[in-house]
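See structure below.
Throughout, read-outs are computed from the coordinates displayed, never taken from laboratory work. Given the structure is predicted, the values throughout are model-derived calculations rather than measurements. All Cβ positions, even for glycine, are placed from backbone atoms using ideal geometry, and neighbour counts span all protein chains on display.
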Amino acid sequence: MALYEGIALIQEKQAVVLDLGTDYTKFGFTGEAAPRCIIRSEFWCPSERRYKRVYDYRTPEELYDNLVNMLHLLYFRHVLVNPKERKVVVVESLLTPTLFRETLAKVLFTHYEVSGVVWADSPRLCALTLGTPVSLIVSIGAREAEVCAVVHASVVLRALQSQPLAARAIHDELARLLDEDNNTELHLSEQIIEDIKVKTCFVGNRERAQQWADGPAPTPAKSVQYPLAGRPAITVSGRTRELAAEPLFARDNELASLPDIVLQCIMLCPIDARRALSENILVTGGTATLPGLKARLAHELRYLVTQPPYSDRLCIREFKFHKSPTHDNTVAWCGGAVGGAADAGATRALPRDVFARTRRLRDWACLLDNTPPHHPHRDQLDQ
Amino acid sequence: MAYLTQPDYVKYVCSCGQLKPITSLYFCRHCLKIRCGFCICHEVDSHHCANCLENMPSSEARLKKNRCSSCFDCPSCFHTLSTRATMAAQRQAQDPAGGDAKVENKQTKKMYYLSCFNCRWTSRDVGIPDQSVASGGWPERTNPFLSRYNQLLDYYKAIAQQEKQEKLERERKKFAIRGKYITLTDKTGLTGAMARNIAGLPTSESGSSAAIASFTPSQASAEVDELPDDVYTKDVNLKQITSMSQRLASPEWQPSSVSRLHPLAKLLSIKRSQRCRVCDHNLTKPEYNPGSIKFKIELLAYYHVPEVKIISYETVKPGEKSALLLKLTNPTGHEMQIQLMQPEDLPPVEEREEPKSIEKSLEKSLNLEKDTSSYRAIERVAELGSSSRVTAPEATLTLAQRDDAAEYDDDAQQDTSDFILWRKSNKLALRLEVTTDAAATPGAPARAALALQYSYRNTVPPAPAAPQQAHHTLYTTLLLDLGVVSG
Ligand SMILES: [Zn+2]
Ligand SMILES: [Zn+2]
Ligand SMILES: [Zn+2]
Ligand SMILES: [Zn+2]
């Protein structure tokens, strides 16, 4: 055999990184600084004659079909490579439903015959892009805001926080405020709501939010006439523009607002890591791009930490923020691309033959995977 | 054409259980089974640009990140951009004194810019200088985050390298067999690194440790990007702000302002070849030439499986009988025997499979059972959900082979049979009766399932070792859409 043939045999095909978000999917190659495509997580369904979202499923079979169609779109329309015998880095949330993970594994291994899959959780991948030993990842996506402490490359699982405070909450509030502005029920599509949010909305500062709530109302920002196809233009008032993201910061007795869950996450972490966590915050996710959101979060944190119940339980006073090393919506993807490229031998990948034999994935929530070796029940689990 | 636009009234059950119209089905001549896009294996065959129809070898496509180097898409509306030429006067003001010289120096030169005929966006809108050559040469932008990304990449590669080395070292220490011969390094207490140092060689891991040492982790700061001061007073110009799709069309830059839009190099298209998962034979293989829409291999069900069309039907009512007119077509070049059956009367799949020779099964078990395991996982039972049944006549129908010349024959032959309406070369019209379940709810979609048994003549030259039979009896199930159950 000629030398170059040997090299070609050893040479690994460049792996792909898949971040299948609720709204947008990021897909590209390891070792590259940006995904090749960021597209909506939906595909054209010819039998139903409409765009179908990957996350809309009622049965496991439907989810399987959705994933097959979505991956087909990604591989053959956007990235243009053969999925076969190529490794995949899957960027996932720690709270991904088991059914979703297992179905995705089935689709990747049996339908697309990929050679191995690295399952990587997004908080650790985000931490990877910072290079700091301790970091607090606040990721605000489409459905949920997740706050996760990453200490020396491991996630403090018991401090993991998640609340439905993300793009959906903003969209619902925006739709409500727009109805108020125009005195009718507009029933705008999700896409238009998103477009209005992207083009006009921002997060006002703390003082102004206080004024809006308790009065007297501050001078609102300029209102905007938003044109609609085939309908009269609608008014987006300055109040609406400013207050659409307010549900993220709304406090009630449950202490479940975005700044609250950040502080609670820190509070549940080991005492010697808390200071480092508060000084290494990374706010990421597509919703974090909203102008003013990061500043507002910083202000809220600095204020809330002086208030009970935090003031007597947390003695941190300083909050420092990292600038993400890439666009906010691709930080986790980028971490996957870096991690996947560094670990070129893919020692952390689950190979296809192992999956075919065991038919299961490692999961932090499963006793089989999280029982330490010296634990008295370990023997029974290993049987 | 009607196939492309109309809803699918007749759906076939693929061997994997999916319901598809005959136009999106394949027929594997080696397995003698219907396959569909869901249960076959797709492969990238060749890359080309759909605009300039230029072929690009895969290696080059990989280098160019699957982008055409001469075609661009509009960053505003994603339509293809056109190159436009203007005559630009080139001022050469080196000799302002002489009047004659001035005339001579005033050369006109053709300059090019990109323009969108759909939304009128031009490369001049965003300040991209005109180019002197028509194709290419457009300024390329680099990812603003690239340098930091590369630092991260070097750092983690070095760490991975070090981890690997440490692991090797540990392994070596664990399993090193202490022989009776003491190596030089053992005797003198030198480590490998020290020996290299003395010899003046670069230390083996210097590269990785240097990369690790020089890496600076991200620095957090107390300052956060505040809102611009004018946000409460400035008017919003919606035309100046990009939409989500405009931002995401260039993942590297994601411009939020229209003035930062840049032409998008056109994404290449691919031609796919498709393979049967069970026997690994090609089902379709396109011609290499991007302009050609022909295939080298094209095993479509449309050419091999009898086609069923609904001519007309009576409204379906619960508990009643209604008439149904069907047209059957034999697309093959051989005479075909067809018998209508009930889906539940079909022999089970296992029985239908031809007994495999010992060599074949041995080959399969050696083949790491790859083919079946992946196919079995995809297979599922079709949900027919039919509320009506078609009364199938016992008789076997014979359909002549396809004869293109007979297309011009006008007169249909009248058949004597009571359920055959007419017969014309390879086509046959049937009058059938549909019995609907009395429990069918009015307003629900009315579907009738029907099974076909048909004879098929295999034209694949048999393999020299295993003499194959050429005549087969095959089965297929189909689902007819008869509108809605009336009240
Ligand atoms: Zn199929
Ligand atoms: Zn081109
Ligand atoms: Zn355009
Ligand atoms: Zn086959």
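Values for this structure:
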item: Rg and Dmax [Cα atoms of region A:167-247; Å; Rg one decimal, Dmax integer]; result: 12.3, 39
item: Region A:167-247 - charge dipole about Cα centre, Lys and Arg +1 at Cβ, Asp and Glu -1, debye rounded to 20; result: 280
item: Förster-model FRET efficiency, 51 Å R0, A:Val354 and B:Ser245, C-beta, rounded to 0.05; result: 0.80
item: Stretch gain in nm, segment B:Phe117-B:Thr396, where the contour uses 0.36 nm per residue and the Cα spacing is subtracted; result: 94.4 nm
item: The protein assembly as shown, dipole about Cα centre (Lys/Arg Cβ +1, Asp/Glu Cβ -1), debye to the nearest 20; result: 2240
item: Peptides ranked, highest mean first, by Cβ atoms within 10 Å: ranges A:274-284, B:331-341, A:232-242; result: A:274-284, A:232-242, B:331-341
item: Which listed pairs, of A:Lys199/A:Lys294; A:Lys13/A:Lys84; B:Lys11/B:Lys285; A:Lys13/B:Lys157; A:Lys294/A:Lys320, have C-alpha distances above 20 Å, in listed order; result: B:Lys11/B:Lys285
item: Euclidean distance between Cα centres, region A:153-218 to region A:230-255, Å; result: 5
item: Inter-part distance where region B:273-326 and region B:127-145 are each reduced to a Cα centre, Å; result: 47
item: Förster-model FRET efficiency, 35 Å R0, B:Cys31 and B:Lys167, C-beta, rounded to 0.05; result: 0.15
item: Kirkwood hydrodynamic radius over Cα pairs of region A:13-107, then Stokes diffusion coefficient at 37 °C and 0.692 mPa s, in µm²/s; result: 239
item: Rg/Rh ratio calculated on Cα atoms of the protein assembly as shown (Kirkwood radius); result: 1.02
item: Charge sum, other residues only, whose C-beta stays under 14 Å from B:Cys49's C-beta, Lys/Arg counted +1 and Asp/Glu -1; result: +2
item: Dmax and Rg, reported as Rg then Dmax, of chain A (C-alpha, Å); result: 22.9, 83
item: Virtual paramagnetic centre 7 Å along Cα→Cβ of A:Ile192, amide N under 18 Å, in region A:219-240; result: A:224-237, A:240
item: Filter on B:Lys20/B:Lys317; A:Lys52/B:Lys327; B:Lys294/B:Lys427 - keep pairs with C-alpha separation over 29 Å; result: A:Lys52/B:Lys327
item: Separation in nanometres of the label points that stand 7 Å from Cα toward Cβ, at B:Arg431 and B:Asp418; result: 1.0
item: Per-residue mean of C-beta atoms belonging to partner chains within 10 Å, peptide A:70-80; result: 3
item: Average silhouette area of region A:165-302, convex hull of alpha-carbon atoms, in square nanometres; result: 9.3
item: Where only C-alpha atoms are counted, convex hull volume of region A:87-181 per residue in Å³; result: 136
